[in-house]
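This report refers to the structure that appears directly beneath it.
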Amino acid sequence: MSQIDAKSLYLQFKRGDRAYNEETHCPMILDVMNEEGTAVAFMRRAQISDTLFYKWLKKHKVFRECYAYGKIISRDNWEKEGAEGKDEEFFNFDLWRMTGAMRYGIGKNRVRMGIDPKASPYKQYQQLVEIANSEEFNASEIKQLMESINVGIRAFESFELQAQVNKIQLQKQIKIPYAIQFVDREVLETEFQNKIIYVHIWI
């Protein structure tokens, strides 16, 4: 177990997020990925949370590119380690293989989530595409997650439709003089009619 200065870390986090500095953190993440091979090791050295790390990735292009290249360096180091150790009598192949599974998803299904659980399914879908672009998923994982979010979108739309119907029923109860028209496409502005409520049905 490593030693930490818990009081100092607590006070730092209490003050708020650490400021990003390109000239400091871009070389740092390349060094860490080369030496230790994980984003977690960088977070520890930079003394930031994973939430802030992914904010930096999303906001700062150069940092994002350095991290992407750092992952290449890390995997290359791992592959060289296997190539150099395969003929050694006491090389720990199981540990080497497990490291590849945990870090690079080799031989193991691995999903890293960075999606806001409180966002709408539409926003979650957008976040998933952004994460896919950072190469955190393989093709199979992306397909499964997108299918899951599509189910969420359909459920979300059903709730939204029910809310619209409830609103319409309430309007009828208080006798607001509007007619209801269900449509399966976007209604153009030039097609709008007075005192018509358009309800969009997704098919």
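The values are calculated or read from the model by the stated rules, or taken from the named source; none is laboratory data. This one's a predicted model, so the numbers in the text were calculated from it and none came from an experiment. Cβ: placed from backbone, ideal geometry, glycine included. Neighbour counts: every protein chain shown.
Could you check how many residues of region 58-111 are over 23 Å from D31 (Cα atoms) and of a type in the set (S, T, N, Q)? Residues that pass the stated criteria total 2. Would you pick out the residues in region 31-45 that are of a type in the set (D, E) and within 12 Å of M102 (Cβ to Cβ)? Listed by number, the list is empty, since nothing qualifies.
Cβ separations smaller than 9 Å between residues 6+ apart or across chains give the following pairs from region 155-171 residues that are among the hydrophobic types (A, V, I, L, M, F, W, C) to residues that are modelled with pLDDT of 70 or more: F156/S120; L161/V199; V165/V199; I168/I197; I168/V199. Once region 38-65 is narrowed to residues that are over 16 Å from the mean Cα position of the chain (by Cα) and touching a residue at least 40 places away in the same chain (Cβ under 8 Å), the residue that is farthest from D17 (Cα to Cα) is T38. Consider R103 carefully, then state whether it is at pLDDT below 80, in a helix (DSSP H, G or I), among the basic types (K, R) and surrounded by 15 or more Cβ atoms within 10 Å (Cβ to Cβ). So R103 fits the description; yes. No other residue among K7, K58 is at negative phi, at pLDDT below 90, part of a helix (DSSP H, G or I) and of a type in the set (D, E, K, R) apart from K7. What do you reckon, is L57 touching a Ser or Thr at 6+ places or on another chain (Cβ under 7 Å) and either loosely packed, with under 14 Cβ neighbours inside 10 Å or of a type outside the set (D, E) (or both)? When the stated conditions are applied, L57 passes them.
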